[in-house]
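A.B. asks: Mind looking over this structure? Questions follow.
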Amino acid sequence: MYPNDGFRELNRDECLRLLTKVPVGRIVHTGNALPAVLPVNFCLDGDGAVLVRTSAASELARAVGGSVVAFEVDEIDPTSFAGWSVVVTGRATVVDDPAGRERLVRTGPRPWAPSVDGAFIRIDTELVTGRELVGGRTLHGVDLAP
């Protein structure tokens, strides 16, 4: 972000709060040596980690296995030129601990596409960044309204 560009940097606490406001985010991982982006429903664990539920046989579950991924959520109002975006970067692991899986079956995200072999992916919130744009005018005084 540049000084006076109209964006405000969000701190970690603001970012984690905003993560709870939307039901769907996008996980960015590497698939076949290329970037892959998938929309997923999610929730936050008690320590702030992002939790995603998917099929154990899914491309996502096979791809993450301890790799570093990005997870993005946003809320945009195109009418008022306002919105925010939060990106979490961290190591993604499939939860394979039986006690942890059992807890997440009760408290984790509900599957939108249920499968008999459900798996939970945990993304540690090692780096959390965000920015907000308050609509209408930039700090440069440029009116964005039509």
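The rows are residues; the columns are (1) within 14 Å of residue 120 (Cβ to Cβ); (2) more than 18 Å from the chain's Cα centre (by Cα).
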position: 72; (1), (2): no, no
position: 75; (1), (2): no, no
position: 80; (1), (2): no, yes
position: 84; (1), (2): no, no
position: 87; (1), (2): no, no
position: 93; (1), (2): yes, no
position: 97; (1), (2): yes, yes
position: 100; (1), (2): yes, yes
position: 103; (1), (2): yes, yes
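A.B. asks: Cβ-Cβ distance below 9 Å, separation of 6 or more or different chains: which pairs start in the stretch 76-90 with a residue that is without any contact (Cβ under 8 Å) to a residue 24 or more places away in the chain and end on one that is part of a strand (DSSP E or B) and of a type outside the set (Phe, Trp, Tyr)?
C.D. replies: 76/82; 76/83; 76/85; 76/133
A.B. asks: Hey, residue 17 hits all of (1) open to solvent by less than 80 Å² (accessible area, probe 1.4 Å); (2) over 17 Å from residue 105 (Cα atoms) but one; which does it fall short on?
C.D. replies: (1)
A.B. asks: Which residues, taken from the stretch 40-67, are in contact with a Gly (Cβ under 7 Å, 6 or more places away or on another chain) and not small (Gly, Ala, Ser)?
C.D. replies: Listed by number, the residues that qualify are 40, 42, 43, 51, 53, 59.
The values are calculated or read from the model by the stated rules, or taken from the named source; none is laboratory data. All figures in this text were calculated on a predicted structure; none of them were measured in a lab. Backbone-built Cβ (ideal geometry, glycine too); neighbour counts: all protein chains shown. With ligands, DNA and RNA removed, areas are computed over all heavy atoms of the protein, side chains included. Shrake-Rupley method; radii C 1.70, N 1.55, O 1.52, S 1.80 Å.
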